[in-house]
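Have a look at the structure below, then the notes.
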Amino acid sequence: MSQKPSDFPFNNSGKKGLARNSVHYREVVAQGVGGAAPAMASLVTLTGAAAYAYASLPLAVILATLAVLLDATRLSITSRYVQSAGGIYAFISEGLGKWVGYFIGWAYVLYALTALVFIYLSVGVFLPAALQVLGVNTPNWIWAPIVIIVALFGGILSYLGIRPSLKFTLTMSIIEILFIIGTSVLILAKVPPDPKTFTLAYAPPPAAFNVGVGMAFVFLAFAGYETTSVLGEEAVDPKNTISKGVFTSALLVGITYLLASEAFTVGWGVNNMSTFFTNLVPGIVLGMKYGGFTLALILTILLINSGLTDSVTFFNTVSRVVFAMARDGVLDKRLEGIHDKNRTPHIAVLFSLIFSLVYTLVFSDFLGPANVFLAVGITTTFGFLIALFTANISLLFILKRNSDLKLWNIILTVIINAIIGFVIFANIVTTSINPYVLIGVLTFVVWMIIGAFYGILRKNSVKQL
């Protein structure tokens, strides 16, 4: 049941399908890089890893990059057998069947929707802090218009077409990487690299465990690189383009993180890393320290740009997964609509925009944007990791069905899933239990229960596939 672009020229309503052969290798890479949002991660979210690894952060980054590249290898192989707008959902359905594919796809949809919420609030929460470093104070309510702007920007650009959305993503991703690497080189020119940051020397005891936990948090900072898989029906020569693109995007993000982690660690001071992760925007602080107001301003703009780019890529992702699931009959058929001119799954885009924006505004109004940011961070983590774990297992069944299963495939799957299992474990044991963490966990559990009941109601549709 290998799904190729030519299999879907029209949807069930007789309308034209997605824009086939409209995305090249460079745009595929841009989708993966934009999904990971390397500027935002480097400037802000790598602090989670630094909270455990301290000045051994670069070691944690190397370990995480190797783990992600192993996982990217698994996704690259799968994309040679399955090319579909469903991405991870389609990968799992092909190997483990439609029911498992639907259930994990349901989890992946939650991951992508709450990732949008996470992105909106990343800009809404961290931009005021960055502006404060620049000497600009903002009112407490500023998060709301920021959230609306980021949501509308990503939703509208995704609605307008895959080509304009990925042209923007390609340009902005290149700028992000170049400026983060340039900033890193600037800092390293003033403060030399420290080889011991690539060892356990600076990690607090138990050193190995804390670096491992740091690695787990860096692994999560790569989330989004796998979104290249949803371009299977729109990419030119998808069998090769997607398989190469998913690996290349992971590698580029890893290189960026590695340079940034080393520069930011030595720039902050290897003996001062206990204060690094207590700062909301340490990357902006370092920009001000080593490049003055101008560099800090540029990095703040990059922070905004990273959020906008990330928003576009996740709208592209969730809309195509929802579209594919609706086309397969496991979600409401009304969600499979394709825009006649733009050739985008515009109904799924609008659904994603309304759901994510209302979710963000309503819950942030009640709980506060920072607390919702924490809650959805937990929710996205579960959805992302469970989907990757299951997709890796699915590949073994795909390979067996195609008489191409070899021992090394099994060994590689065991290794990467053991790493993903550790990432899940590390997040569970290191997360401080509070009401907002529990809300994040409860959101995931309730969503999956609803998904199970919804799937039962549509069981007849699933059986017909």
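Details
- Residue in the stretch 116-127 that is touching a Lys or Arg at 6+ places or on another chain (Cβ under 7 Å) and outside any loop (DSSP other than H, G, I, E, B) present: no
- Hey, I398 part of a helix (DSSP H, G or I) and touching a residue at least 40 places away in the same chain (Cβ under 8 Å) or not: yes
- Selection within the stretch 200-222: residues that are open to solvent by less than 60 Å² (accessible area, probe 1.4 Å) and in a loop (DSSP other than H, G, I, E, B). The member of this set that is farthest from A260 (Cα to Cα) is P204.
- Qualifying residue in the stretch 300-314 (condition: over 30 Å from A387 (Cβ atoms) and of a type outside the set (A, V, I, L, M, F, W, C)): yes
- Options A85, A49; residue that is in contact with a helix residue (DSSP H, G or I) (Cβ under 8 Å, 6 or more places away or on another chain), surrounded by 24 or more Cβ atoms within 10 Å (Cβ to Cβ) and part of a helix (DSSP H, G or I): A49
- If you go through the stretch 100-155 and keep only what is hydroxyl-bearing (S, T, Y) and open to solvent by 40 Å² or more (accessible area, probe 1.4 Å), you end up with just T138.
- Restricting attention to the stretch 1-53, the residues that are charged (D, E, K, R) and modelled with pLDDT under 90 add up to 4.
- Some residue of the stretch 215-233 being among the small types (G, A, S) and more than 29 Å from I420 (Cα to Cα): no
- I433 vs. criteria among the aliphatic types (A, V, I, L, M), open to solvent by 50 Å² or more (accessible area, probe 1.4 Å) and closer than 30 Å to A50 by Cα: yes
- G95 being farther than 24 Å from G440 by Cβ, in contact with a Phe, Trp or Tyr (Cβ under 7 Å, 6 or more places away or on another chain) and assigned to a helix (DSSP H, G or I): yes
- A single entry from V376, V423, V429, V446 fulfils the requirement of being farther than 19 Å from Y111 by Cα and either of a type in the set (G, A, S) or not in a loop (DSSP other than H, G, I, E, B) (or both): V429.
- Residue selected from the stretch 158-198 under the condition open to solvent by 60 Å² or more (accessible area, probe 1.4 Å) and assigned to a loop (DSSP other than H, G, I, E, B), by the criterion farthest from V349 (Cα to Cα): P192
- Scanning the stretch 54-73 for residues that are within 17 Å of the chain's Cα centre (by Cα) and open to solvent by less than 10 Å² (accessible area, probe 1.4 Å) returns V61, A64, A67, V68, D71, A72.
- Scanning the stretch 223-250 for residues that are open to solvent by 20 Å² or more (accessible area, probe 1.4 Å) and touching a Leu at 6+ places or on another chain (Cβ under 8 Å) yields one hit, F247.
- Residue check, L297 closer than 29 Å to L134 by Cα, open to solvent by 20 Å² or more (accessible area, probe 1.4 Å) and either in contact (Cβ under 8 Å) with a residue 24 or more places away in the chain or not in a loop (DSSP other than H, G, I, E, B) (or both): yes
The values are calculated or read from the model by the stated rules, or taken from the named source; none is laboratory data. Remember, it's a predicted structure, so these values are computed and weren't measured experimentally. In this analysis, Cβ positions are derived from the backbone assuming ideal geometry, glycine residues included, and neighbour counts consider all displayed protein chains. Note: areas computed on protein heavy atoms with side chains; ligands, DNA, RNA excluded. Shrake-Rupley method; radii C 1.70, N 1.55, O 1.52, S 1.80 Å.
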